[in-house]
Each structure stands twice: as C-alpha cells, then as structure tokens.
Amino acid sequence: MPVVDTHVHVFTHDLPMVAGRRYTPDYDAGLDDFLRLRAAAGVSHGVLVQPSFLGHDCRFMIEALRRLPGTLRGIAVVPASIPPQQLAALRDDGVVGIRLNLDGLPLPDFAQAPWHGLLAQLRELDMQVELHRDARDLPLLIPPLVRAGVRVIVDHFGRPDAGQGADDPGFQFLLSQAATGKVWVKLAAAYRNGWRDASHPQALRVAGLLLAHFGADRLVWGSDWPHTRHEQGNDIAGSLAALRAWVPDAGQRRAILGDTAMRLFGFAP
C-alpha cells in the first residue's frame, strides 16, 4: 500500500537564503536523509515543499525531484509574474503546484495582475495552490482561488487560532468550503497550531470536524519533516503515528495516506 508524505522540506544550511527571512537553519536536511527516514517509517512517496527561507530559488528541490521522478513530486514557490514557459518547465520536472506561504505577509489581490494570469496558467497546467495562512483570513483567500478553477490545499489543519480551535470563525468557514469540491486540507504539524500533543483535545476536535466535512477523499497527511523550529521530539514515524489519533478508522487512514494523496499529487491517474 502506498504511503505518501505530502509535506517535506529539503535543504542545506549553506544555500543562498532570502533577506528578511524569519528562520535560518544551521543544519542540513538532504534528500538522502529523508529517504532513509521515510523507509524506516514505511513511507513510499514524498512531496517536497519549497522552504520559505529559500524564496523562489527552487533549484535544490528540482535536483531532488529529478533523482526520483517516480516517487517524488514538488510544490514550488514562484513569483506571481513567472513566465508561462518557466512554470511549464517546473511542471515537467515534477512540480504539481505552488505554495503561497502568506504567514505574516500582506494578502494578495488575486483579481489584479499578475495574479489572475498566474492562476489561469495553473489551471491550464492542472497545477494546484497550497495555502498557508491563519484561518481568520481564509474567507478572503479561498473563494477567489476556487472561482479561478484551481485546486486549493490548505496547510496545517487550516491554522485555527490556538485559543479558539474549532470555534475559530475562519476554521468554520473552511469547513463550509468542503461543498465546493475544490478544497483539500493537510493534516500536518499540529504543533504549528499550539498543539504539542497529537491527542490535544483541540487537535482531536478539529481533525474530527475536518474528517466529517471533507471525508478521507479530500484530506492528506504530511510529516512536516524536518520540523523546522520544532525539531526536538518530532520525526516522521511519530508524525505518522499521530494520524491514528486524528483518524481512528484504519480504512480512512489508508485512503488519506494512499489513494487520495496519490491522485492529488499526480502519482496515479
């Protein structure tokens, strides 16, 4: 049975990094490290997500994708003005979408240039948009992406407020977007929502509501390896074990880890 880890970062600490970054790693997290750990955890496929501190320079990730095109896919970070031929070239190298890591950044206006052109290119290439932002802003971000006809993957349980949890109005809005059929949610890195324990009551409630609204066919799992800024006490095997707390039913877990992720990230028809 395939097991897809949909949220992995690879980098070395000596790569060129963007100015103004919030985090600078002092260690390497190479592809070989991930391959060793994924094998030990029983993970068969991986989705490499461009780290924010590397900005738009995706060369290191692309080199990794080219090594194992059968079991790796990529999510790139690109400028909104990227030329169509460059986006198509990324697609040819196994990149299946772009990430909008908007944490702490101004919200884009998707109705304005160059965003509407980029979204049209993504739709034409059948590529997706991965969205990382606090839940409170999801009502401003998801609808224009859905109207543009692209698939939307929302990171980290939707990033509900740590205090409000499932009662966060932005999270409640996210639940309503299940009806569009164009939105998926990633069960990954509960610690980024303030839930250090996978069995935290808020984590269990949020996961249960996501499962009830989206179902196993529109939820995916990611380890968030190497757990930047949260390295201590986290690993791929432990992240995979956490899924058992969030999704108790074995059949649903198999779908989330296998069929759903394999289709969404282009490993299977």
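The values are calculated or read from the model by the stated rules, or taken from the named source; none is laboratory data. Because the structure is a prediction, the values reported are computed rather than measured. Virtual Cβ from ideal backbone geometry, glycine too; neighbours counted across all protein chains shown.
Inclusion of Asp92 among residues that are modelled with pLDDT of 95 or more, farther than 30 Å from Asp109 by Cα and of a type in the set (Asp, Glu) is not warranted. Residue under question is Ala162, and the condition is that it be among the aliphatic types (A, V, I, L, M), over 15 Å from Val220 (Cβ atoms) and assigned to a helix (DSSP H, G or I); does it hold? Here the answer is no, as Ala162 does not meet what is asked. For segment 230-269, enumerate the residues that are at pLDDT 95 or above, more than 18 Å from the chain's Cα centre (by Cα) and over 24 Å from Tyr191 (Cα atoms). Residue satisfying the conditions is Gly251 alone.
When Trp221, Trp195 are screened for being at pLDDT below 95 and more than 20 Å from Arg22 (Cβ to Cβ), only Trp195 passes.
With Ala245, Ala203 as the choices, which residue is touching a residue at least 12 places away in the same chain (Cβ under 8 Å), over 30 Å from Leu122 (Cα atoms), of a type in the set (Gly, Ala, Ser) and crowded, with 17+ Cβ neighbours inside 10 Å?
Ala203
A Cβ distance below 9 Å, combined with a sequence gap of six or more or placement on separate chains, defines the contacts here; from segment 103-131, residues that are of a type in the set (Phe, Trp, Tyr) reach residues that are exposed (fewer than 12 other Cβ atoms within 10 Å of the Cβ) in the pairs Trp115/Asp109.
Can you work out which of the residues in segment 1-55 that are farther than 27 Å from Pro79 by Cβ and of a type in the set (Ser, Thr, Tyr) is surrounded by the fewest Cβ atoms within 10 Å (Cβ to Cβ)? Selected residue: Tyr27. Scanning segment 115-128 for residues that are surrounded by 14 or more Cβ atoms within 10 Å (Cβ to Cβ) and part of a loop (DSSP other than H, G, I, E, B) returns Leu125, Met127. Within segment 199-212, not a single residue is within 30 Å of Ala89 (Cα to Cα) and at pLDDT 95 or above.
Would you please name the residue that is surrounded by the most Cβ atoms within 10 Å (Cβ to Cβ), looking only at residues in segment 220-242 that are closer than 18 Å to Thr71 by Cα and not aliphatic (A, V, I, L, M)? Across segment 220-242, the extreme among qualifying residues is Ser223.
Going residue by residue through segment 71-85, is there one that turns out to be more than 20 Å from Gly222 (Cα to Cα), at pLDDT 95 or above, over 20 Å from the mean Cα position of the chain (by Cα) and buried (at least 16 other Cβ atoms within 10 Å of the Cβ)? The answer is yes; a qualifying residue exists. Residues that are among the basic types (Lys, Arg) and either within 16 Å of Gln128 (Cβ to Cβ) or touching a residue at least 60 places away in the same chain (Cβ under 8 Å) (or both) within segment 39-97 comprise Arg73, Arg91, listed in sequence order. Within segment 129-148, one or more residues are crowded, with 18+ Cβ neighbours inside 10 Å, farther than 30 Å from His13 by Cβ, small (Gly, Ala, Ser) and more than 17 Å from the chain's Cα centre (by Cα).
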